[in-house]
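Asks: Dropping a structure here in structure tokens format, bear with me for questions.
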Amino acid sequence: MENPQLSIADLASIQGIIDAACSRGAFKAAEMKQVGEVYEKLSAFLAAVKAQAETEATQQTQGE
């Protein structure tokens, strides 16, 4: 049996799903703070991964 895995693309899709669900009123008002906190953590993580990938790409280009 394979270990379940999430990719960066999966996490970006989850971010989009949360955004769509919020804009369509899928969450109760009392839940919005928790949803927002998770969304912000996910957004920060994805931004950090993107920045790291860009840094690595720049370093590889300069090393050639």
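Values in this text are rule-based calculations from the coordinates and carry no lab data. These numbers were taken from a predicted model, which means no experiment stands behind them. Counting neighbours? That spans all protein chains shown, and the Cβs are built from the backbone with ideal geometry, glycine included.
Asks: State which stretch of the chain is the longest one without any exposed trypsin sites (Lys or Arg not before Pro), exposure meaning a DSSP loop state and at most 12 other Cβ atoms within 10 Å.
Replies: With a cap of 12 other Cβ atoms within 10 Å, the longest stretch comes to 29-64.
Asks: Related question: Want the number for GLU56 to ALA20: 0.36 nm per residue separation, take away the alpha-carbon distance, what's left?
Replies: Extra length from GLU56 to ALA20 when fully extended: 9.8 nm.
Asks: Could you check the simple spin-label distance between SER7 and ALA47, using points 7 Å along Cα→Cβ, in nm with one decimal?
Replies: Between SER7 and ALA47, the simple spin-label model gives 2.5 nm.
Asks: Another question, then. Cα-based Rg (one decimal) and Dmax (whole number) for segment 13-60, in Å?
Replies: That works out to 14.4, 47 Å for Rg and Dmax.
Asks: For every helix of n ≥ 4 consecutive DSSP H residues, a contribution of -39,500 (n - 2.57) applies; sum these over the chain, divide by its total residues, and give [θ] at 222 nm rounded to the nearest 500 deg cm²/dmol.
Replies: Computed mean residue ellipticity for the chain: -26500 deg cm²/dmol.
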